[in-house]
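The values are calculated or read from the model by the stated rules, or taken from the named source; none is laboratory data. Remember, predicted model here, so these are calculated numbers, not experimental data. Using ideal geometry, Cβ is built from the backbone for each residue, glycine included, and neighbour counts are taken over all protein chains shown.
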Amino acid sequence: ANESTIVSMSMIPSLFRWAVILTHVSDFVILGDLPVHCLRHQIVGDWVFHIGPSSPERSSCGHSRPDVDYLEPGEDRMPPGRRSILHLTLSNPDRVIASPESVSKGTWTMVYDEGFETRIEGRVFFAFSNFDISLDAEGRKHNVSRCDKTMLGWYTTTDQTEFGCFYGRKVTATASFEEVQVQKFSLTYDEPLGEDYHSAVVARLNNRPGTTWKATVYPRFIGKTLRELNRMSGLRRKSIPEDTPPAYLTRIERLRKRRRDRAALHRTSFLDLELLTAEHSLPESIDWRNVSGENYIEPVINQGPCGSCYAIATMRMLSARHKIKTRNLTAIPWSISFPLYCGEYNQGCDGGYAFLMSKWSSDVGLLPDTCAGYTPENGKCEITCDPSTMPKYRASNYHYIGGYYGGTSAAQIMKELVEDGPLVVSLRPASDLMYYRSGLYKSKLQKDYYHLPEWERVDHAVLLVGYGVDDGEKYWLVQNSWSVDWGEDGYFRIARGIDDSGVESIAVAADVVQDMRPHDMFRSFTRATEEAA
């Protein structure tokens with residue numbers, strides 16, 4: 001797991017800047033998964049994929065389960081056998097063409113900023129972007145993102161009956177980006193926070209003029225450190241290091257200004273019209289806890305000290321959609337621990353992403369919760385049932401709302417929610433969300449340098465179950481994973497239509513289908529586990 005990165009106060013607002021006790025300390029962020037940061041413009045261009053042999057037996061491709069950053073496999077871990085080469089061109093926003101032998105067309109998407117998935121010629125390729133981790137003479141960690149090549153990744157045929165490994169190299173090199181971990185202060189990150197601290201924060205929050213929500217102190221947060229509280233987010237927090245070259249910051253600010261200018265120029269643009277049209281054609285409100293008197297949502301869970309929000313939200317989405325599709329309200333929910341601890345696309349309790357959780361559940365399959373109940377501490381990849389004795393299911397049609405990362409809009413989210421059921425959204429909440437008790441949450445967190453058109457920083461994944469209007473205020477209805485004692489019985493409402501906290505920047509959906517593949521994927525998975533070990 002990665003340590004926290006301390007960054008300059010002039011660059012990123014502190015999650016606790018407004019607090020009355022620690023206002024003088026340096027900022028902090030937590031890195032919950034892979035230490036790589038690549039943007040779409042760095043990936044666009046000509047690539048060569050080096051493709052290994054395929055087999056009905058799925059391989060871990062050298063990755064651990066769950067994945068670990070310092071054990072990322074390179075091309076030297078490619079399984080032996082006949083290899084092939086695929087030349088392709090990736091273009092904005094999501095088109096790909098295979099060349100020069102064919103004119104096959106396909107699609108691709110960034111997976112946040114950690115890698116990319118490509119669909120072309122009857123195959124689906126996914127790999128993490130390459131990175132290096134090293135320590136300098138002063139003991140500082142250097143994370144170097146090498147966006148012109150990938151780690152060893154996975155591919156499968158579109159019918160998911162053949163699997164293999166591959167790696168990619170960009171024809172024209174892309175400049176590397178280096179993040180440097182500076183000296184951290186234990187007081188700001190590893191010092192327990194007492195009741196006086198939390199009470200002072202809550203008093204300040206509740207006394208803000210014009211606030212639309214109420215805050216409270218939760219006893220279970222008292223005595224915990226910022227490290228422990230931040231781990232609850234479960235997604236990677238990005239930072240701009242202190243020694244980022246001025247030229248890079250200038251470019252970031254230029255992109256940021258361009259986005260602001262476009263927003264000012266097109267206030268009544270297509271997106272606004274799209275949202276107005278959606279609101280006119282869709283119901284004023286929906287809550288999948290009560291649709292025609294039926295509740296399709298599993299109870300709120302407490303994720304505990306594990307950064308598993310992404311896994312919980314994804315499995316709860318798939319469980320709800322399975323119930324909606326089958327109209328079986330008593331269906332056993334899908335196991336959270338199985339993909340959390342057995343999947344190599346994410347980093348277990350150190351964080352991950354709903355898109356990759358859905359992808360893994362599509363490639364491998366789903367197991368009921370009775371096969372692997374949720375354990376937030378000391379979890380292991382263990383199955384306590386015989387999958388061959390039960391019906392087989394898997395995730396299907398996993399996708400970003402809008403078709404690719406960066407293509408999401410509030411109108412599309414509303415439409416998906418009404419027509420197909422709950423979905424996973426991610427947000428970058430200010431630390432005040434921890435104290436939310438009731439009302440319509442609106443974040444006071446300011447946008448930072450990394451709020452770019454092609455990437456928006458988010459930290460926490462949640463289950464979107466509805467939307468509505470309260471006293472003229474539009475909101476999203478969200479199930480959190482911080483126990484039923486938090487918020488409005490485990491839920492919170494957040495402002496809708498203004499991308500508050502980035503909640504409308506990234507949304508993931510997937511469906512559930514019966515797995516008709518002849519091969520026993522769980523048998524293959526067991527062998528792959530032994531191989532990875």
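For this structure, a couple of remarks:
- Restricting attention to the range 200-219, the residues that are closer than 23 Å to residue 305 by Cβ and free of Cβ contacts under 8 Å to residues at least 40 places away in the same chain total 1.
- The set of residues in the range 290-316 being in contact (Cβ under 8 Å) with a residue 40 or more places away in the chain and on the phi > 0 side of the Ramachandran plot consists of 304 alone.
- Taking each residue of the range 60-86 that is loosely packed, with under 15 Cβ neighbours inside 10 Å and looking for partners that are part of a loop (DSSP other than H, G, I, E, B) with beta-carbon atoms closer than 7 Å, six or more apart or interchain, yields 71/64; 74/151; 74/152; 81/52; 81/53; 82/53; 83/52.
- Residue in the range 378-392 that is crowded, with 24+ Cβ neighbours inside 10 Å and touching a helix residue (DSSP H, G or I) at 6+ places or on another chain (Cβ under 7 Å) present: no
- Residue that is farthest from residue 458 (Cα to Cα), among those in the range 400-409 that are crowded, with 20+ Cβ neighbours inside 10 Å and of a type outside the set (Ser, Thr, Tyr): 401
- Residue 439 meets the conditions (1) surrounded by fewer than 22 Cβ atoms within 10 Å (Cβ to Cβ); (2) assigned to a helix (DSSP H, G or I) in every case but one. The failed one is (2).
- For the range 464-516, the set of residues classified as more than 26 Å from residue 217 (Cβ to Cβ), touching a His at 6+ places or on another chain (Cβ under 9 Å) and not small (Gly, Ala, Ser) consists of 508, 511, 512, listed by residue number.
- Among the residues here, residue 426 qualifies as assigned to a strand (DSSP E or B), in contact (Cβ under 8 Å) with a residue 24 or more places away in the chain and on the phi < 0 side of the Ramachandran plot.
- Wholly enclosed helices (runs of 4 or more DSSP H) of the range 317-420 bearing at least 2 residues in contact (Cβ under 8 Å) with a residue 12 or more places away in the chain and under 30 Å from residue 151 (Cα atoms): 337-342, 354-363
- Any hit, the range 56-67, residues being charged (D, E, K, R) and assigned to a strand (DSSP E or B): no
- Of the residues making up the range 294-340, just one is among the hydroxyl-bearing types (Ser, Thr, Tyr), in contact with a helix residue (DSSP H, G or I) (Cβ under 8 Å, 6 or more places away or on another chain) and surrounded by fewer than 24 Cβ atoms within 10 Å (Cβ to Cβ), namely 296.
- Flag if residue 513 is surrounded by fewer than 18 Cβ atoms within 10 Å (Cβ to Cβ) and out of contact with any strand residue (DSSP E or B) (no Cβ under 6 Å at 6 or more places or on another chain): no
- Cβ-Cβ under 6 Å pairs, at least 6 apart or on other chains, the range 448-471 side over 20 Å from residue 497 (Cβ atoms) and modelled with pLDDT of 70 or more, far side acidic (Asp, Glu) and buried (at least 22 other Cβ atoms within 10 Å of the Cβ): 455/113
- Residue under evaluation residue 393, criteria (1) closer than 18 Å to residue 319 by Cα; (2) touching a Pro at 6+ places or on another chain (Cβ under 7 Å), criterion not met: (2)
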